[in-house]
6 protein chains.
Amino acid sequence: MRPDQRSPSDLRKVSIETGVMPYAEGSALISMGDTRVLCAASIEERVPPFMKGSGKGWVTAEYAMLPRSTLTRKERDARKGRIDGRAQEIQRLVGRSLRAAVDMALLGERMITVDCDVLQADGGTRTAAITGGYVALALAIGRLVESAVVSGNPLIREVAAVSVGLISGEVLLDLCYREDSVADTDLNCVATSDGNFIEIQGTAEGAPFTRGQLEEMLDMANAGIATLNSLQKAAIAR
Amino acid sequence: MRPDQRSPSDLRKVSIETGVMPYAEGSALISMGDTRVLCAASIEERVPPFMKGSGKGWVTAEYAMLPRSTLTRKERDARKGRIDGRAQEIQRLVGRSLRAAVDMALLGERMITVDCDVLQADGGTRTAAITGGYVALALAIGRLVESAVVSGNPLIREVAAVSVGLISGEVLLDLCYREDSVADTDLNCVATSDGNFIEIQGTAEGAPFTRGQLEEMLDMANAGIATLNSLQKAAIAR
Amino acid sequence: MRPDQRSPSDLRKVSIETGVMPYAEGSALISMGDTRVLCAASIEERVPPFMKGSGKGWVTAEYAMLPRSTLTRKERDARKGRIDGRAQEIQRLVGRSLRAAVDMALLGERMITVDCDVLQADGGTRTAAITGGYVALALAIGRLVESAVVSGNPLIREVAAVSVGLISGEVLLDLCYREDSVADTDLNCVATSDGNFIEIQGTAEGAPFTRGQLEEMLDMANAGIATLNSLQKAAIAR
Amino acid sequence: MRPDQRSPSDLRKVSIETGVMPYAEGSALISMGDTRVLCAASIEERVPPFMKGSGKGWVTAEYAMLPRSTLTRKERDARKGRIDGRAQEIQRLVGRSLRAAVDMALLGERMITVDCDVLQADGGTRTAAITGGYVALALAIGRLVESAVVSGNPLIREVAAVSVGLISGEVLLDLCYREDSVADTDLNCVATSDGNFIEIQGTAEGAPFTRGQLEEMLDMANAGIATLNSLQKAAIAR
Amino acid sequence: MRPDQRSPSDLRKVSIETGVMPYAEGSALISMGDTRVLCAASIEERVPPFMKGSGKGWVTAEYAMLPRSTLTRKERDARKGRIDGRAQEIQRLVGRSLRAAVDMALLGERMITVDCDVLQADGGTRTAAITGGYVALALAIGRLVESAVVSGNPLIREVAAVSVGLISGEVLLDLCYREDSVADTDLNCVATSDGNFIEIQGTAEGAPFTRGQLEEMLDMANAGIATLNSLQKAAIAR
Amino acid sequence: MRPDQRSPSDLRKVSIETGVMPYAEGSALISMGDTRVLCAASIEERVPPFMKGSGKGWVTAEYAMLPRSTLTRKERDARKGRIDGRAQEIQRLVGRSLRAAVDMALLGERMITVDCDVLQADGGTRTAAITGGYVALALAIGRLVESAVVSGNPLIREVAAVSVGLISGEVLLDLCYREDSVADTDLNCVATSDGNFIEIQGTAEGAPFTRGQLEEMLDMANAGIATLNSLQKAAIAR
């Protein structure tokens, strides 16, 4: 039995609240169970140096945890003078995933930064950041479309993410921290609403996983992502 | 007329919600108008090196702004590899102010860190951080008292803070950003419920301020702090 | 036709030379086509703070590129004062992959650091680092076994890695840089000699990839890894 | 009785020597008792990025302590790779205070940096830095006026600073370190020659201070500042 | 007797292999006994800010040790966030020495960076870096001459370097690490093929050295440099 | 003719004032013409980690320039977050030179740090730092001897330093900045009172220097050092 009585293929309780960062061009607070991530999309009329003059835009993400998002206090990166390796890895993943949703030529030479700040961390913060970050991004792009700053809609694809895990041979959807910490395999899956993949990252923490187990995990992830996609649409529509 | 139709001696609409960071020993989300600061108090069974063996505890604070708490996006300190000067100055002020509320011998050799993360910045974030941070601190200390980890109540004093400003010769309480940016003088006042001062910081942005103007500002600050004190008490009692 | 006339399922020319860093406990220079990575395994009789007293060992990896391993010169991380995000992500992947090969209880409280320094970068440096790093690691552990410092062989699993890509709908094994830069999907696969997975990371650079394409890529990766495994064994045996 | 036999309202022995840094556009070595601060004002024909094109100038300050200005050696900030929080707070205060003395439009698009390096620290280094820094600044601006680089005199106000403290209920002017370390309240006051305030910072180290005590401290500070002002004038005139 | 049976005036076995970093404009792997340094010269069509508009070029060097070039593993500078003092001192020496070989006006406004990465360190890495770095530099400049990018040959002088030491009163050429660690005096000598000096650095590790000993060391160094010069020429000619 | 009418073998006007940093165990302000360096020796009852348990002491030096010690303002290292390469090179030289004056076994497990802060830089700051730093060091050690903390006098050798240069073929002693900036060769010489060498560093800025020129420069340096030695003795004796 899972700690919160879910069945293996159940997501945790998901809510997506929009407009929570009023100064941002788009924002969303996503909760998946006790995991809460605040996502804010900022549009700037500039691109990174390597994109200048390309006529194309850029989407990037930053990820950080509030010091007390965790059970015991975690020191701030700013105090250590550098972003820790795990946060760098996650923000690169979030950035790549969200870029897949956008046509950079239609976006034009502007940059959208999606800040994902974890308020509470109970497992699955990186996938929550992608799912919530997409909503913030979509709202920000919506503003560009409404104000006719762009000639067509740069948002070309719906993107959501979920984790799947393998515990004692059983495949479980959307692990909470207690599950995550004992899982043999952890698979993060970023996909579109039609079931195609943008990124998959599967890691064996203990014994390697078999091809069969991988197939089972991917099936369950795709089902979870379909549900998340409809919740994203509803949140954006509100 | 003030931008939000307040009279000169009115505080903005204040709300203090507790328990918002469930993993923290004490937490509070304070809103003063559109300024919102998330405060979390963490107790750790250690003290900084310079306090080791003293038998006394320590209280410290950290202050940061989410990148999109401001009208235009602000780069993260972690990315620049250092905490900016203004944030350092503010977190030192918050720490000093909250230490005044605590008897360090009664606290014993443990450390309380109060993290103040600005979700939205519309002026007065440092005073809101002190007022909200006090609530988080009081709740965390309450836990120590309840569980009888400490022999007496280390919380010895109520502390709140407010800003006052001088615009075109008029004294105004609790400036919002639009007011703050044109104020001739800005005074931040940290005081106890009985009207004594823990810290005052007054800065002339343009012309110097007179002794008479200072007196007027202090009067108004004391009144505002009395109101904030009763709101703190109500929040802690809930 | 591929730039070097290979068929889609061909690896590049692979060579693994051992003993190239005479001071290291184990070392290997792996070449996969024009990609060359120098791998050195160092044994130290200490563990990171979080492992102290656990009775278990630790394996970690560091990854860096020589400034002129690339077509145009790349600034050193030391000069910038921080390790870049991509290098951090890669060294975390290499570390996780190599830890899967080792029984930490049998290793005992000692640490093995595998340094992977890229001499020449023509695509696939992270998978080459894992495949070559495994050889360096195995040689270092072999010394521990020979000198009976450990009570049993901590090396429990053979690990190798390869990349697979999707270009214009065709699946290709072991991409060189020219192929990698135009690939629609890039999949890095770390697996054991019996075909089970330690880590898979698949990223759509353009259009998302389908489940069918993923299956095809995994088949081809497994075949490549089997070949690499026999080359690793031969190198270690020499 | 005070450690050096002064009466409560006495300043320490003050001396201000000018021209001590011959390469600087203006310089002063200020001694207040055993506290000695070397102040050098540098004019540069550029402004910070946020002032470019404004037609206005900028005045800023930097504050540092020589490693052996203190009783026990203090590590250099450069070695730690960052400016410590206290130094940041002080140099921001010095900068704000000196900017109050200057009409930035008359200064034109140029920057004056006032470096305050503490040779010996026996309490009151920040107020000495302001009082001495003003002399260095005035001399540098005098050069601009003499050489007719500016169309009018940008120096519009005389600025000096002093500390006042409260020990066992008694108000004392210009605390030395031995007094400062036991003071219940420490008030730093920056004011003009006509008794108006540029900045006041009062901090209760122990019990909060009353409104009455604050009034008494401000009176004494104003008297001290008047004396310092005449010493500044004499030094500049020499 | 020396550890490797050499006579006092013998160099270790020297080899210089060119073209080892195929992407670099010039490269050389120099071995002096067990010391091995990989040198790569990179030409960039830019100069540092302080040279802009001068019409002249610039030559600079960077020096680093692979973590396992030493008997026990050495932490990477990038991990510490700064280049260590010894490496800075060495790369400044290598840069100055190589600049002496080049006419900057003939080079024109372009920069050559010579990266010296130590693969194995058995004493004398800085002198090996100069001798090998010169070969890489000469090859890179050779390309500029061949392609007629420059109007005349900017290479105006042959430069090589060697160490000499004093052990128990005896002068020894080209110390290996075992000798270096017990030497009373260590002299690094950079000279041209005709015996004139570009840089000499002599350091007494224990007792000061006499003028007579210095003369003897310089004689032996000059002889060693003549041999190295002919090996450099042969390598470049190949 | 030299800018200040000296003959080629004249030192600039030298003065050494002691006791200028009253909190330091030893201190000296050395002036050589317009070059002024403040030297402070601090004794601490600890040694660096690599010396712990050795029974021996350690001497180290730090070197920095005040921002306005130079003709145009130089940014502080602390602001850049790292010590610049030149300063590192110099402080390593000063440290090595001063260590030659001390018997580390007699010093015992304690550390002396000699801080050399340049107040005014007109050429020859590194040699002035050594000559003045020796005086500060000798005074600090004198205190240890007087208070019988050490069993014998750890000061075993007198150390001073001077620069010599070659301009248009003429050898000149103790270059000022105007001379230094046009010198063909710059030789820094650290020696004992009996004419033996602790360190020599000669650098050709333009054409290489000949053996004959080197001999001439060494002769002149030795004469200058003898004079400096007697000035050091007189200063220490005062």
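The values are calculated or read from the model by the stated rules, or taken from the named source; none is laboratory data. Because the structure is a prediction, the values reported are computed rather than measured. Cβ atoms come from the backbone with ideal geometry, glycine included; neighbour counts cover every protein chain shown. All accessible areas refer to the heavy atoms of the entire protein, side chains included, with ligands and DNA or RNA removed. Shrake-Rupley method; radii C 1.70, N 1.55, O 1.52, S 1.80 Å.
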Breaking point among (1) surrounded by fewer than 23 Cβ atoms within 10 Å (Cβ to Cβ); (2) touching an Asp or Glu at 6+ places or on another chain (Cβ under 6 Å), for residue C:122: (1)
All but one of (1) under 24 Å from residue F:93 (Cβ atoms); (2) open to solvent by 10 Å² or more (accessible area, probe 1.4 Å); (3) touching a residue at least 40 places away in the same chain (Cβ under 8 Å) hold for residue E:175, so report the exception by its number. (2)
Based on this model, can you work out whether residue A:206 counts as within 14 Å of chain C (Cβ to nearest Cβ), in a loop (DSSP other than H, G, I, E, B) and farther than 29 Å from residue A:43 by Cα? yes
Being hydrophobic (A, V, I, L, M, F, W, C) and open to solvent by less than 50 Å² (accessible area, probe 1.4 Å) is the filter here; which residues of the stretch F:1-20 pass it? F:11, F:14, F:16, F:20
Failed criterion for residue A:23 (all others in (1) closer than 18 Å to residue A:142 by Cα; (2) open to solvent by less than 10 Å² (accessible area, probe 1.4 Å) hold): (2)
Of the residues in the stretch D:186-203, those that are outside any strand (DSSP E or B) and either open to solvent by 60 Å² or more (accessible area, probe 1.4 Å) or modelled with pLDDT under 95 (or both) number 3
Options E:4, E:77, E:84: the member that is touching a residue at least 60 places away in the same chain (Cβ under 8 Å) and either touching an Asp or Glu at 6+ places or on another chain (Cβ under 9 Å) or not aromatic (Phe, Trp, Tyr) (or both): E:4
Restricting to the stretch F:84-102, and then to whatever is within 11 Å of another protein chain (Cβ to nearest Cβ) and closer than 21 Å to residue F:156 by Cα, can you tell me which residue is most open to solvent (accessible area, probe 1.4 Å)? F:92
Select from the stretch B:25-49 the residues that are among the aliphatic types (A, V, I, L, M) and in contact with a Pro (Cβ under 9 Å, 6 or more places away or on another chain) and list them in ascending order. B:40
Has the stretch B:154-162 got at least one residue that is assigned to a strand (DSSP E or B) and open to solvent by 20 Å² or more (accessible area, probe 1.4 Å)? yes
For residues that are within 13 Å of another protein chain (Cβ to nearest Cβ) and of a type in the set (Val, Ile, Thr), scanning just the stretch E:209-238, find the one that is farthest from residue E:137 (Cα to Cα). E:210
Total residues in the stretch E:93-120, condition part of a helix (DSSP H, G or I) and under 14 Å from residue E:42 (Cα atoms): 3
Just checking, does the stretch F:145-153 include any residue being in a helix (DSSP H, G or I), of a type outside the set (Gly, Ala, Ser), away from chain D (no Cβ under 14 Å) and more than 16 Å from residue F:95 (Cβ to Cβ)? yes
Residue A:220 meets each of (1) within 21 Å of residue A:98 (Cα to Cα); (2) surrounded by 19 or more Cβ atoms within 10 Å (Cβ to Cβ) with one exception, condition (1)
Only one of (1) assigned to a loop (DSSP other than H, G, I, E, B); (2) away from every other protein chain (no Cβ under 12 Å); (3) β-branched (Val, Ile, Thr) does not apply to residue F:70, and that is (2)
Filtering the stretch A:54-67 down to residues that are touching a residue at least 24 places away in the same chain (Cβ under 8 Å) and either open to solvent by 20 Å² or more (accessible area, probe 1.4 Å) or within 13 Å of another protein chain (Cβ to nearest Cβ) (or both) yields A:54, A:55, A:56, A:58, A:60, A:61, A:62, A:63, A:64, A:65, A:66
Restrict the check to the stretch B:95-117 and report whether at least one residue is under 23 Å from residue B:200 (Cα atoms), among the acidic types (Asp, Glu) and touching a residue at least 60 places away in the same chain (Cβ under 8 Å). yes
